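Structure, as structure tokens:
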Amino acid sequence: MKRQRWLASLLAGIVLLATGAAWAQSGQTVTVWSWFIASTMQKSIQAFEAKHPGVTVKYTYYNYAPEYLTALKAAAASGSLPDLIGLQPGSLTQQYRANLEPLDAYAKREWGADWASKIFPVDRRQMHMGNPAGDDSTYMLPEESQVLCIWYNKDLFAKFGLTPPTTYDALVKTAKTLASHGIMPMFQGAADGWQNENVYLMLADQRAPGLIDQAQAGKAPWTSPALVQAMQDWAGLFKDGVFQQGALGAHAYPTGAQLFAQGRVGMMALGSWWMQEAKYPPPLPPLVQNMQGFDFFMFPALAAGGHASPPVGGIDIGYGMTKAGAKNPAAWTFLASLVQGDGLQAALNDLNDLPSIAGPKPEGDISPNILAMYDRFMTALPHAENQRFGNPEIADALDNALAGVAAGKLEPEAALKQVQAVTDRVLGKS
Amino acid sequence: MHGARDAGPAAAGPHRQAAAAPASRARPRGAREDRRGVRAGLFAWPALLIFLGFVAYPVLWIALRSLAPDTAPGSPRGAFANYLRAFADPVFWIAMRNMALWAIITIPVQMAFGGLIALLIERYTRRSRAFFRTMFFLPVVTSVSVVAIVWSQMYAPYYGIVQAWLQRLGLTLGIALLADPRTVIFALIVVNIWQWTGFSMMMYVAGINAIPEDIFDAARIDGARFRHLVLRVVVPLVAPVTKSLLLLGVIGTLQTFPIVYLMTGGGPDHASEVFGTEIFRQGIVLGNTGYGAALSVLVLVLSLALSLLQITALGAELAPRRAREEAVA
């Protein structure tokens, strides 16, 4: 009897709990996974939820690698992806294309038939990067964009009588001056493939704009003279002392970024996202406050009489809607907010990063100094060259080639031949 | 107790009892024991289910996946294509070489340092024993992310922690150990030894404490010096611990991933690639799930083969005798 009573109580408890849980979930919930900085995402979510009281957004933050990549892989295999997933254009989007809903019809309904033409050209190209021939669907929409550049420490430059270099020779001289005063000239986290790719893209797009895009599409050889020259330029950055000693073993984050913010580094190849340092929770190093200690320039002219590198960039982060998300109407509502609505505005106010359309600007407590930088980036973005790779194996091969050349293990042309071999393989040419 | 009373004086064995007793009496007792056996077997089910769900099924899935070619263009075709690709891939052999170096260097060095530290702490300290044990064990429980960041900073020339000390002596650290393909794997091995020597020490602490005190007394009376005490008393008597560490060391070597991933990502130019980083790169980053699965299976087979080889060659006695006797009692 006692046991029966105990069992009855237990059952009643379970029923009550289940009812409570169901009641709690009676509103709409959107689940989102990404590597996007959690504090900024929370501001976007707050802005969204204030406008949509019946909807709750549950955001799960992961470190990009290995956590996020692994979580996506496991969830895709087990059919448990959330409604929205953060994506990079090209390879990451393509890996999950089968799990993603085409977004064109949603976007047309939300923003009109000409919605795509409002997105900056480089972002538009990247949105479809890697799609199979004949598939023009959009599987990811950009929330934010970026432009690569060389940031420099204004205080150190002023202290040592330096000005932003406009030629390669001036860059080498600047680096030597900084090094002679015990300052790391240009910090390169060359243990990270992404930072090496970024610098090489700046060099290659200066030598021959857009040639890398053609090479990765198999329309031009990687051993084109301009790309080989850019690889020699890359090796020169190590040999000429532009990068700090031991760059191949260094990481851009957290090491390089911390040293740069502390004033121990003269220059660093980063991008428009560096502005957000000014919005991190205090205490902030004085240099970072309102970005008063920093400014940026494009990579100086490599050839005598040449021009600085054109802007290189594109999508910083985008989002895709999974097949599960397509069944949840609130998922698209939140995605639209992140791409062109209150969610985006909240992220921009947090200085993260640039929008993918003209118009939105950061609002609130933003210094004129930062707004001026923002405007310069936004002027450059519509003309940016593509920063992304459509196939991860090609990007990986280029990373290895860059590391091999930097370590002195490979000659520039031999290294690019290896990239060509991988490109031929993945494009089915060999 | 209840079972023992039931068995009575004939508890020498169920077969003997069944043979001696008439069939009519043996049946109920056998049935009762069968029921007890079934009931006891039920207790194994949760563990068995967990094993099937979380070990056997993933291994089977990975093994089957390794036989399926990847869908990416240019991926090799055929049932064993992923395995053939591995044997033809220079990065696989770099990882194999690095794993061999890792095992050959880290396992004996960790054992030697760990054993020596354990002996010094257990035999030559009294009040400070707990303090030293904790200090040497601290790296084992320190987050690998913290270890990676701190050691990366220590190795960094120009701005690193070691450089800061050398600067006081007017010296400059001109070698970038993590940046040089010739030195990077050794630099990582040093970090691994630093982190895991404390684990070997703790294992040896248990082993040394299991040696009866009278053996040490007898050795001392016989005039054994420190060297003899170590080589002729301690080393033979902690042999089971050494075997365990060898087994764990080999398995741990093949599982190496976080410290390499965080410090070098397997670079520069694959120079510090280990199986873990290569499997992650292929299976997760590059999306070559089939090839990544094939590499995982190869590592599993290698791990099994090495474990069986060790057990066959060294025996399965992996715990100090006194500990085993106490467990049995």
Protection-proxy order for peptides A:190-198, B:226-234, B:287-295, B:41-49, each taking the mean of Cβ atoms within 10 Å per residue, highest first: B:287-295, A:190-198, B:226-234, B:41-49
Cα coordinate range in region A:323-381, projected on the principal axes (Å, largest first): 44, 24, 14
Amide H contacts of B:SER272 (H built 1.01 Å from N, under 5 Å, at least 5 apart or other chain): B:GLY267
GNM top mover of B:VAL144, B:VAL285, B:VAL55 - chain B, alpha-carbon springs below 10 Å: B:VAL55
Principal axes of chain B: Cα extent on each, largest first, Å: 91, 70, 30
Pairwise centroid distance, computed over Cα atoms, of region B:69-148 with region B:164-234, Å: 16 Å
Globularity index of region A:31-139, i.e. its alpha-carbon radius of gyration over 2.2 N^0.38 Å: 1.16
Dimensionless Rg/Rh of region A:125-174 - Kirkwood Rh, Rg from C-alpha atoms: 1.35
Whole-number percent relative contact order across chain A, with pairs defined as alpha carbons under 8 Å at least 6 apart: 26 percent
Distance violations [Cα-Cα > 30 Å] among A:LYS73/A:LYS279; A:LYS108/A:LYS323; A:LYS51/A:LYS323; A:LYS51/A:LYS108; A:LYS58/A:LYS154; A:LYS219/A:LYS327: A:LYS73/A:LYS279; A:LYS58/A:LYS154; A:LYS219/A:LYS327
Debye log10 I(q)/I(0) at q = 0.10, 0.17 Å⁻¹ for region B:209-304, Cα point scatterers: -0.50, -0.77
Theoretical gain in end-to-end length, B:ASN209 to B:LEU302 [0.36 nm per residue, Cα-Cα removed]: 30.1 nm
Computed lengthening from B:PHE51 to B:MET135, 0.36 nm per intervening residue step minus Cα-Cα distance: 26.6 nm
Cα-based Rg of chain A normalised by 2.2 N^0.38 Å, two decimals: 1.09
Chain B, helix-only ellipticity at 222 nm - DSSP H runs n ≥ 4, -39,500 (n - 2.57), divided by all residues, nearest 500: -22000 deg cm²/dmol
Efficiency of FRET between B:VAL150 and A:LEU284 - r from beta-carbon atoms, R0 22 angstrom, step 0.05: 0.40
P(r) tail fraction, the protein assembly as shown - alpha-carbon pairs more than 38 Å apart, %: 51 percent
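Any read-out appearing in this document is the output of simple, stated calculations on the displayed coordinates, not a laboratory observation. Just so you know, these numbers come straight off a predicted model, no measurement behind them. Quick reminder, even Gly has a Cβ in these numbers, built from the backbone with ideal geometry, and neighbours come from all protein chains shown.
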